[in-house]
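The values are calculated or read from the model by the stated rules, or taken from the named source; none is laboratory data. As the structure is a prediction and not an experimental result, all values here were calculated from the model. Every residue, glycine among them, receives a Cβ derived from its backbone with ideal geometry; neighbour counts consider all protein chains shown.
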């Protein structure tokens, strides 16, 4: 917490100029979903499951040394960035292909937005899951352990982690966002350009 306060008040911190803007995304040709408000997008269970595991492990990796050392969470998995990147690439490419088959770029645009929304929401969900698993680990060790000094130290660390939530999610989110950008720039946009030409790039730069 002391480091965060120092960071927030440091004179060396660059000022960020924020401006507002309006963005209109073309989706008039797409059918409204079952709630008559939103558009429905289906994500494959394989991608959803892999994304949740990957994001959970990324968050744990960025917090293990400072906040949750000594806590045994779910079975450790190797963070396979290359494997997740391939899943993400295949999914985004399939969206472009489907849009070309339907002759409607709005399908691809909606799907890309859905991916970004899903990943953003899951970052928060998996952070909450990590906190919950840490608390559950303490509880499962019994009342005697819960009253021990070690348990109090771990609880304090989990509380500190909760306080650092925005910083952790920003760090992990930037890493995931960079992967999305790399996939978009080096793979997907080339396929989109080949199938749809140069008419739509501004929509994806927003």
**OP:** Name the one entry in 160, 133, 185 that is surrounded by 16 or more Cβ atoms within 10 Å (Cβ to Cβ) and either out of contact with any strand residue (DSSP E or B) (no Cβ under 6 Å at 6 or more places or on another chain) or assigned to a helix (DSSP H, G or I) (or both).
**Re:** 133
**OP:** Check region 96-107 and report whether any residue there is touching a helix residue (DSSP H, G or I) at 6+ places or on another chain (Cβ under 6 Å), farther than 21 Å from residue 198 by Cβ and at pLDDT 85 or above.
**Re:** no
Original post:
Inside region 98-127, can you point out the residues that are free of Cβ contacts under 8 Å to residues at least 40 places away in the same chain and either surrounded by 14 or more Cβ atoms within 10 Å (Cβ to Cβ) or under 13 Å from the mean Cα position of the chain (by Cα) (or both)?
Top reply: 117, 121
Original post:
Do we have residue 93 as in a helix (DSSP H, G or I) and either surrounded by fewer than 14 Cβ atoms within 10 Å (Cβ to Cβ) or touching a strand residue (DSSP E or B) at 6+ places or on another chain (Cβ under 9 Å) (or both) here?
Top reply: no
**OP:** Being out of contact with any strand residue (DSSP E or B) (no Cβ under 8 Å at 6 or more places or on another chain), in a loop (DSSP other than H, G, I, E, B) and either surrounded by 14 or more Cβ atoms within 10 Å (Cβ to Cβ) or at pLDDT 85 or above (or both) narrows it down to one of 59, 68, so name that one.
**Re:** 68
